[in-house]
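The values are calculated or read from the model by the stated rules, or taken from the named source; none is laboratory data. Given the structure is predicted, the values throughout are model-derived calculations rather than measurements. Counting neighbours? That spans all protein chains shown, and the Cβs are built from the backbone with ideal geometry, glycine included.
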Ligand code: S3P
């Protein structure tokens, strides 16, 4: 994909539906009694992997441009798949499904692509075994995961990392456990699972870093409207902030307070970002308007990290165009995403002439160097590819993104969307 320096981006766009909520909508709809009509579902490869796995367990799902309809199988209605369940590149599919599969009366195997086979699964194996699950992985901690039937009991689990995938795996196993299940996180991670389970009639109480779930008899299907993904909107917010002369409105973006750290970080950097048309619902949404402005470096650390974990690659791009130093700390989790996103972003930004350094738990970016176009690698990581596309539009001259098709994991029309606003 070739990109050239942009003279300014203008216009109004909508981004595809939230990836995290899309996965949960089809999974929980599959476990509910009755039909779930889902609008705004993300037709990205990761969410299609979830659909594929559910279909292999006998769940009937209708897909059309307008809506997805899941014909719920009920909590105890999944069928034994004929072979291994392939989760592609999707950590959310792998980890959330493992929680559900641990409680099924049939054995199963979860496999994924080369990236999934490297991602840490010990973090889910440990608590699921504590609940009584019979689950094992390659070398005890990687995919493929083998799961055999077992009776589960509720536990109280202190999570070593703030991870919504881990929290959700435990809570989903808790749907089938004897007794309540409590998870305690070091900092709050995204709470889509808790919100959606409550909407389906499950008793799940949250209090800061602690969630307690009581196993229900059944889930009651309820229609789900999915707002645009703030993680996809973030590419336009940063592009609009750093490309002089830009003004972009991204409509109907989910701004769940456990996900809106990118808004807070951009405001702290001096971005001219306004929020309008706020709509409250199961998941709050709003329109976000960004106008270009001078940015300055900040520190991003602590409890803010889980609230913007997926936006850190593109925030690193913002930092490279900001005046002064940006320090990202407490972000070790970035090393175990679809790629090592600390190594990837430092390497790719350096190609463009940025002054940045990898640290044990993040990176330091000394912003304000004049950046130039280059041939950027995507590291087979959708968010690295899109972040470097934003960098390419803001840098001087021409750039290339190698292996750009990886964006279809979370945003199939990304490059077209950039073109419609002048990229
Ligand atoms: C996700 C949670 C986050 C995030 C991922 C999606 C989810 O991962 O990075 O893209 O849908 O629960 P962790 O919870 O493992 O940090």
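For the reader, a short list of remarks on this structure follows.
- Within the stretch 243-261, considering residues that are within 14 Å of the chain's Cα centre (by Cα) and assigned to a loop (DSSP other than H, G, I, E, B), the one nearest to residue 189 (Cα to Cα): 258
- Exactly one residue out of 239, 233 is in a helix (DSSP H, G or I), more than 14 Å from the ligand (Cβ to nearest atom) and closer than 14 Å to residue 18 by Cα: that is 233.
- Filter result (in contact with a strand residue (DSSP E or B) (Cβ under 7 Å, 6 or more places away or on another chain) and away from the ligand (no atom under 16 Å from the Cβ)) within the stretch 1-28: 1, 2, 3, 4, 5, 9, 10, 11, 12, 13, 14
- Only one entry in 164, 187, 169 is within 16 Å of the ligand (Cβ to nearest atom), surrounded by fewer than 18 Cβ atoms within 10 Å (Cβ to Cβ), outside the structural domain of residue 275 (by TED's automatic domain parsing) and touching a residue at least 60 places away in the same chain (Cβ under 8 Å), namely 187.
- Residue that is farthest from the ligand (Cβ to nearest atom), among those in the stretch 143-161 that are under 19 Å from residue 108 (Cα atoms) and part of a strand (DSSP E or B): 148
- Failed item in (1) on the phi > 0 side of the Ramachandran plot; (2) part of a strand (DSSP E or B), with residue 330 passing the rest: (2)
- Among residues of the stretch 336-352 that are without any contact (Cβ under 8 Å) to a residue 40 or more places away in the chain and closer than 14 Å to residue 371 by Cα, those with a beta-carbon under 9 Å from a residue that is in a helix (DSSP H, G or I) and more than 14 Å from the ligand (Cβ to nearest atom) at least six positions away or on a different chain give the pairs 346/316; 351/388.
- Condition met for residue 127 (in contact with a strand residue (DSSP E or B) (Cβ under 8 Å, 6 or more places away or on another chain), within 14 Å of the ligand (Cβ to nearest atom) and assigned to a helix (DSSP H, G or I)): yes
- Each residue in the stretch 44-69 was checked for being within 22 Å of the chain's Cα centre (by Cα), under 22 Å from residue 112 (Cα atoms) and in a loop (DSSP other than H, G, I, E, B), and 1 of them qualify.
- Residue selection: residue 315 fails the criterion of being under 20 Å from residue 233 (Cβ atoms) and within 13 Å of the ligand (Cβ to nearest atom).
- Taking the criterion of being in a helix (DSSP H, G or I) and buried (at least 22 other Cβ atoms within 10 Å of the Cβ), the residues of the stretch 333-352 that qualify are 334, 341, 342, 344, 345, 348, 349.
A quick yes/no check of all residues on (1) surrounded by fewer than 19 Cβ atoms within 10 Å (Cβ to Cβ); (2) in contact with a helix residue (DSSP H, G or I) (Cβ under 6 Å, 6 or more places away or on another chain); (3) in contact (Cβ under 8 Å) with a residue 24 or more places away in the chain; (4) within 30 Å of residue 155 (Cβ to Cβ):
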site: 37; (1), (2), (3), (4): yes, no, yes, no
site: 41; (1), (2), (3), (4): no, yes, yes, no
site: 58; (1), (2), (3), (4): yes, no, no, yes
site: 82; (1), (2), (3), (4): yes, no, yes, no
site: 101; (1), (2), (3), (4): no, no, yes, yes
site: 117; (1), (2), (3), (4): yes, no, yes, yes
